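No lab work stands behind these numbers, since they all come straight from the coordinates. Here the structure is a predicted model, which means the values were calculated and not measured. Here the Cβ positions follow ideal geometry from the backbone for every residue, glycine too, while neighbour counts run over all protein chains shown.
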């Protein structure tokens, strides 16, 4: 009988450990999902701005100099766009190339967000399954 109790305690401890691991994975996944969602929103804003490029030509805009500092600039022309391509690299592209690159980046971002969302749902199901198992074992004590 003491042996059964020890086995039950070992199983409950194993389930608590598993629950802790799942919770850590869930937190990391949610951080990644938030990061990807913010990046996707920025890409969407960039695409919107490129679509409006003719209407902003000759306009004054605020340029983010980082750290909460902005300066006013006049948009002279939007024929060349400096595009971040990853790994710390920027590449000059014409407007249509930049739009195509951003469009592909948005598609990849949405695909990644979809996979992360699917993983989140699977992880939520596993967390609930483990919690139900813990509850059932504790009630059986």
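Per the listing 106, 61, the residue uniquely surrounded by 12 or more Cβ atoms within 10 Å (Cβ to Cβ) and in contact with a strand residue (DSSP E or B) (Cβ under 9 Å, 6 or more places away or on another chain) is 61.
Checking each residue in the range 132-141 for being exposed (fewer than 12 other Cβ atoms within 10 Å of the Cβ) and assigned to a helix (DSSP H, G or I) picks out 132, 135, 136, 138, 139. Within the range 71-98, the set of residues being over 25 Å from residue 108 (Cα atoms) and surrounded by 12 or more Cβ atoms within 10 Å (Cβ to Cβ) comprises 75, 78.
Being outside any loop (DSSP other than H, G, I, E, B), touching a helix residue (DSSP H, G or I) at 6+ places or on another chain (Cβ under 8 Å) and within 27 Å of residue 122 (Cβ to Cβ) is the requirement here; does residue 43 meet it? Answer is yes for this residue. Of the set (1) outside any helix (DSSP H, G or I); (2) in contact with a helix residue (DSSP H, G or I) (Cβ under 7 Å, 6 or more places away or on another chain), all apply to residue 58 but (2). One residue alone among 27, 66 is over 30 Å from residue 126 (Cβ atoms) and exposed (fewer than 12 other Cβ atoms within 10 Å of the Cβ), and that residue is 66.
Just so you know, in the range 109-125 the residues that are buried (at least 16 other Cβ atoms within 10 Å of the Cβ) and farther than 30 Å from residue 83 by Cα include one that is nearest to the chain's Cα centre (by Cα), and it is 120.
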